Amino acid sequence: MRTSHRLLTLGLLLVSAGCNRDELAPYSFPAPVTVDCQTIPQAFIGVPYSFTPDFDASNARAPLTWSAEDLPPGLTINPETGEISGVATTEGEYFPTIIVKDSSKPAQVARVSCGKLVVVAGGVICTDDSGSIADGILGEPYTFAPMINVGVAPYTWEAVGLPMGLALDPASGLITGTPTEVGQFQVTLIATDATGAAFETDCGILEIFPRLDVDGDKLLEAYPDGCVGPGVSLQDLIDNGVLVGGDGTAITCELRGGLGNGNFPAGISVTSDTCQIQGTVDPSQRYGMYVWITSFIQGNIIAHVPYCAPQSVQPGNAYTVNKTFMGAASTLKPGTTQMNGGTAAYGVNTPDPRVEVLRTCSAPACFFKFFFGYNTLSGSASVSASMSGKLGAGAAFDGFFHGINFTDPGVSANISGRHWVVNIGFDYCITDVEAECATKDLAIANGEGSNYEFGVIVRP
């Protein structure tokens, strides 16, 4: 009897086992769901995102429960459908994993790596490297081309908040024009695609800066000669209010040739970063005061700052040269004048300035002659050294004097709005043999190194 009881019990166990196969499900089913998310599309910041991976749940017990790890900020997964949606907020590369559980007991679980999900700036793209729409400069041509990487072409564009002088092309989105006001402008761009979907983006601040420029009044206040001399740095010019405006980016300095920029004397250079004069004018250059324009460069903008340096060494036998202006000694000082419309003029109260070239000549007959060269802006300029005459009473010859004056009525508008310079160089000759001074070459050969350099700074 005991043996029969054991067999019945075993039979009951076998029957019981046959009626509870759910408990053996991990051995009777394959993976509960096959998921494909290796081609997960990229997301765009600020643009609604939706992606539902392909899956096969034929061998799993419904319902399924979905979750995900390492999704980009702003995106979530629907636990019932597996749809990944939301609005991404942070650019970058993300490597999400999707987890699917079925309703078996115990639940079967599938973990699937979805590869790389890239989040980029999306919708209307109106940012440059600074993170906002490109800035502009007052009075300078402006162009900016936003882009869009979602929706269906063609698009219709709108803009809100553009500064005066700028306009948007509704067909292309191109922003062009010349800003006429300085300030910070909050700009929003809207692109409506062919389906009527509108994509709106806050483009941040578009700042219009005043252009880098020279305050001529502050220049004269800080440097009464009207030009920047040795020892003055870029920071000094900014601190003294001479150099104004600009967009805050780096400024470099160069000696650039060109109309109105003058002659750069041998021995002189200007440092590119601090804008300071380096060196001294070479003694081989004419005695006197050299003026030129140093170019201050910021992006595409150039500010023109007058610089000056003296050459105070004369050869041992050179004649004495003295210049006065308005009765004051000014031999090693430049001249200054201001534009009047499109005309520049200097020395109209002839002979002021007055240059005296001193050398006593005791021969029965003494002759003097001088030659000069200059640079001006237009072919209509007139330069002279009148009035002129000998020094000394009666038959005595103590030297001679001359004036300096010029008029240039043909100054072009692009030059008249900035500082520019005129250089005039003189070569002198005094002799009792007139033929020795007949030409410039003879005057230089027989004038014992007697010469003079003078520059005029023209203010806008």
Restricted to segment 74-94 and to residues being under 17 Å from V109 (Cα atoms) and β-branched (V, I, T), the residue surrounded by the fewest Cβ atoms within 10 Å (Cβ to Cβ) is T81
Given the conditions (1) in a strand (DSSP E or B); (2) modelled with pLDDT under 95; (3) surrounded by fewer than 20 Cβ atoms within 10 Å (Cβ to Cβ), every one holds for G196 apart from (1)
*asked:* Please determine whether any residue of segment 100-113 is within 30 Å of E200 (Cα to Cα) and either outside any loop (DSSP other than H, G, I, E, B) or modelled with pLDDT under 85 (or both).
replied: no
### Task
Would you check if A134 is out of contact with any Gly (no Cβ under 6 Å at 6 or more places or on another chain), within 23 Å of V182 (Cβ to Cβ), small (G, A, S) and assigned by TED's automatic domain parsing to the domain that holds Q184?
yes
ask   = in contact with a strand residue (DSSP E or B) (Cβ under 9 Å, 6 or more places away or on another chain), buried (at least 21 other Cβ atoms within 10 Å of the Cβ), under 30 Å from R418 (Cβ atoms) and outside the structural domain of Q278 (by TED's automatic domain parsing): does that describe V305?
value = no
Hey, any hits in segment 199-214 for a residue that's touching a Lys or Arg at 6+ places or on another chain (Cβ under 8 Å) and under 30 Å from T143 (Cβ atoms)? yes
Of the residues in segment 95-131 that are in the same structural domain as F185 (by TED's automatic domain parsing) and charged (D, E, K, R), the one that is surrounded by the fewest Cβ atoms within 10 Å (Cβ to Cβ) is D129
Restricted to segment 257-272 and to residues being in contact (Cβ under 8 Å) with a residue 40 or more places away in the chain and in a loop (DSSP other than H, G, I, E, B), the residue nearest to T337 (Cα to Cα) is G260
Only one of I404, I444, I415, I424 is farther than 22 Å from V291 by Cα and either modelled with pLDDT of 95 or more or surrounded by 20 or more Cβ atoms within 10 Å (Cβ to Cβ) (or both), namely I444
Note: among G258, G262, G231, G248, just one is closer than 19 Å to P310 by Cβ and modelled with pLDDT under 95, namely G262
Going through segment 125-141 in order, the residues found to be modelled with pLDDT of 95 or more, of a type in the set (A, V, I, L, M) and part of a loop (DSSP other than H, G, I, E, B) are L138
Scanning segment 18-37 for residues that are touching a strand residue (DSSP E or B) at 6+ places or on another chain (Cβ under 8 Å) and assigned to a loop (DSSP other than H, G, I, E, B), the one modelled with the lowest pLDDT turns out to be A31
Reported set for segment 281-291 where residues are surrounded by fewer than 24 Cβ atoms within 10 Å (Cβ to Cβ) and among the aromatic types (F, W, Y) is Y287
Of those in segment 57-73 that are under 14 Å from V109 (Cα atoms) and at pLDDT below 85, the residue nearest to the chain's Cα centre (by Cα) is A57
In segment 74-99, anything within 48 Å of the chain's Cα centre (by Cα) and part of a loop (DSSP other than H, G, I, E, B) is listed as G74, E83, A88, T89, T90, E91, F95, P96
How many residues of segment 349-366 are touching a residue at least 40 places away in the same chain (Cβ under 8 Å) and either under 45 Å from the mean Cα position of the chain (by Cα) or within 27 Å of G327 (Cα to Cα) (or both)? The answer is 11
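The values are calculated or read from the model by the stated rules, or taken from the named source; none is laboratory data. Keep in mind that this is a model prediction, so the values were computed, not measured. For neighbour counting, all protein chains shown are included, and Cβ atoms are generated from backbone atoms with ideal geometry for every residue, glycine included.
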